[in-house]
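Colleague: Got a structure here, written out as structure tokens. Questions coming.
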């Protein structure tokens with residue numbers, strides 16, 4: 001029952017609309033990974049190949065941009081694509097923050113929907129042109145992950161990124177490009193109306209981390 005409720009709330013939270021789902025949607029699919037390095041406050045995960053459908057959003061607010069981007073992605077999930085294919089919800093909803101070239105607040109965000117693993121080896125149906133969505137395929141690589149609870153908001157996501165960057169700098173300086181600290185993503189696993197037991201993560205790409213299994 002809880003899985004059903006979470007799925008409904010996630011769609012409602014980002015779109016403001018109710019949605020009917022089937023029993024098959026009760027189990028969420030997520031990207032596959034294995035942990036290759038573990039610390040008390042973060043871990044390094046080796047992710048397999050991942051396919052995302054993405055929405056680029058111009059703006060300076062993480063929260064508003066995530067909602068706007070997911071609204072477009074939600075239409076794709078509900079059949080706004082060439083084959084009118086409907087997709088089940090997956091997790092997490094991932095928002096990548098693109099820093100401004102002039103410094104200061106971010107100027108754009110990429111909101112990502114994880115495409116089920118079957119689309120790693122085949123192309124998903126193209127989205128309707130008016131949605132302005134793009135397919136993005138990630139090769140297998142390592143990501144540093146720091147978990148945090150509560151809500152991911154404009155006033156805390158950068159602090160969480162800085163905390164992860166500080167931990168990486170202290171422990172893994174030789175394996176991490178310092179410039180990557182400014183490019184990060186926020187993974188959200190719960191609907192906004194799910195107030196307790198929330199799981200969020202900040203992700204930083206650590207390609208080249210010299211640990212077992214991480215591609216250089």
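Colleague: Wholly within the stretch 23-91, which strands (runs of 3 or more DSSP E) include no fewer than the required count, namely at least 1 residues that are exposed (fewer than 14 other Cβ atoms within 10 Å of the Cβ)?
Modeller: Qualifying strands (runs of 3 or more DSSP E): 33-38, 50-58.
Colleague: Quick one: is residue 100 surrounded by fewer than 21 Cβ atoms within 10 Å (Cβ to Cβ) and over 30 Å from residue 155 (Cα atoms)?
Modeller: no
Rundown of residues vs (1) modelled with pLDDT of 95 or more; (2) within 18 Å of the chain's Cα centre (by Cα); (3) within 28 Å of residue 142 (Cβ to Cβ), yes/no style:
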| position | (1), (2), (3) |
| --- | --- |
| 31 | yes, yes, yes |
| 53 | yes, yes, yes |
| 65 | yes, yes, yes |
| 68 | yes, yes, no |
| 75 | yes, yes, no |
| 78 | yes, no, no |
| 83 | no, no, no |
| 106 | no, yes, yes |
| 109 | yes, yes, yes |
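Colleague: For the stretch 155-179, what are the residues that are touching a helix residue (DSSP H, G or I) at 6+ places or on another chain (Cβ under 7 Å), farther than 19 Å from residue 199 by Cβ and modelled with pLDDT of 85 or more?
Modeller: The one that is touching a helix residue (DSSP H, G or I) at 6+ places or on another chain (Cβ under 7 Å), farther than 19 Å from residue 199 by Cβ and modelled with pLDDT of 85 or more: 165.
Colleague: Also, I was wondering about something else. Can you list the strands (runs of 3 or more DSSP E) found entirely within the stretch 105-154 that contain at least 3 residues being under 22 Å from residue 79 (Cβ atoms) and touching a strand residue (DSSP E or B) at 6+ places or on another chain (Cβ under 9 Å)?
Modeller: Ranges flagged: 108-114, 133-138.
The values are calculated or read from the model by the stated rules, or taken from the named source; none is laboratory data. Being a predicted model, the structure only gives us computed values, none of them experimental. Cβ sites come from the backbone with ideal geometry, for glycine too, and all protein chains shown count toward neighbours.
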